[in-house]
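One structure is given below, encoded as structure tokens.
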Amino acid sequence: MRLVLLGAPGSGKGTQASRLREHLQVPHISTGDLLRAAVKAGTALGLQAKAVMESGGLVSDEIVLGMLEERLTAGDTGNGFILDGYPRNLAQANALDALLARLGQPVDIAVQLDVDTELLIERLAGRAQVEGRADDTPEAVRNRLKIYNEATAPVVDFYRQSGRLAHLDGVGTMDEVFERILEALAPTPDVG
């Protein structure tokens, strides 16, 4: 199973990805984790990323895609993977599709976890309080969610148009949301 998890910050992607990793026995790949690991390990791409980050810039899609390619060609992705937090925009979605086609590992399904904006703000405010982050004011969170929604809406459409999107309600207990995801991943029986 090759799965892309989509959803705004606070939608529960990371929590569900961890559960799915155990259930599906495939690696959970977070581009943020890849980036931090490559910088720490001092890989060629990690050094490029570190230089960009130290100058205050955003790491290019090309560098992130290179890290993803390295990770996806590791031996443990043969039975699939869970991508969390990528792609975030249409250019990344197209580049990812091209990479995965070249690797013979196309995405099976993209799961969009939908959560109401006010609930996301509440969740993120709670997370910020636990983590001691003073920068997650409701106004700042609302702005980040607006930017996220504007950039990600075309990604959702990209997967919808290719018939690979499952839109799911991301509200409920962890178990309820997990069950919805498993239902979306289950193959539909051929009728006829």
>> Please list, ordered by chain and number, the residues whose modelled amide H lies under 5 Å from the amide H of Leu165; skip anything fewer than 5 residues away on the same chain.
In response: Ala110
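In percent, what relative contact order does segment 18-132 have, based on Cα pairs under 8 Å that are 6 or more apart in sequence? Kindly include the intermediate steps, with their values, before the conclusion.
On the way: 76 pairs, mean separation 30.8, N = 115.
For segment 18-132, the relative contact order is 27 percent.
Is there a quick way to get the dipole size of segment 1-153? I mean about its Cα centre, with the Cβ of Lys and Arg at +1 and of Asp and Glu at -1; what is the value in debye to the nearest 20? Present the calculation step by step, with values, prior to reporting the outcome.
On the way: 16 positive and 20 negative charges, 46 e Å.
So the magnitude is around 220 debye.
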> Once amide H atoms are built 1.01 Å from N in the peptide plane, which residues 5 or more positions from Val107, or in another chain, come under 5 Å H to H?
Replying inline: none
> Can you give the extra length, in nm with one decimal, that the chain gains between Glu183 and Asp114 once fully stretched, where that is 0.36 nm per residue apart less the Cα-Cα distance?
Replying inline: 23.3 nm
> Which of Thr137, Ile109, Ser30 sits closest to the plus end of the dipole of the chain, meaning its Cα is farthest towards the positive end, when Lys and Arg get +1 and Asp and Glu get -1 on the C-beta?
Replying inline: Ser30
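Where nothing but the Cβ of Lys and Arg (+1) and of Asp and Glu (-1) is charged, how large is the charge dipole of segment 82-134 around its Cα centre, in debye to the nearest 20?
Details: 5 positive and 8 negative charges, 55 e Å.
Result for segment 82-134 is approximately 260 debye, rounded to the nearest 20.
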>> Just want to confirm a number: the relative contact order over the chain, from Cα pairs under 8 angstrom separated by 6+ residues, in percent.
In response: 31
> If the cut-off is a Cα-Cα distance under 22 Å, which lysines reach Lys13, setting aside same-chain residues fewer than 8 apart in sequence?
Replying inline: Lys146
> By accessible area of protein heavy atoms, probe 1.4 Å, what ranking do Met174, Met53, Met67 get, highest first?
Replying inline: Met174, Met53, Met67
> Cα centroid distance between segment 75-91 and segment 10-43, in Å?
Replying inline: 9
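On full extension of the chain, what length is gained from Glu122 through Asp169, given 0.36 nm per residue of separation minus the C-alpha to C-alpha distance?
On the way: separation 47, 0.36 × 47 = 16.92 nm, distance 1.68 nm.
Contour length minus Cα-Cα distance gives 15.2 nm.
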> In square angstrom, rounded to the nearest 10, how much accessible surface does Ser162 have for a 1.4 Å probe?
Replying inline: 60
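The values are calculated or read from the model by the stated rules, or taken from the named source; none is laboratory data. Given the structure is predicted, the values throughout are model-derived calculations rather than measurements. In this analysis, Cβ positions are derived from the backbone assuming ideal geometry, glycine residues included, and neighbour counts consider all displayed protein chains. These accessible areas exclude ligands, DNA and RNA; they are computed on the full protein's heavy atoms, side chains included. Shrake-Rupley method; radii C 1.70, N 1.55, O 1.52, S 1.80 Å.
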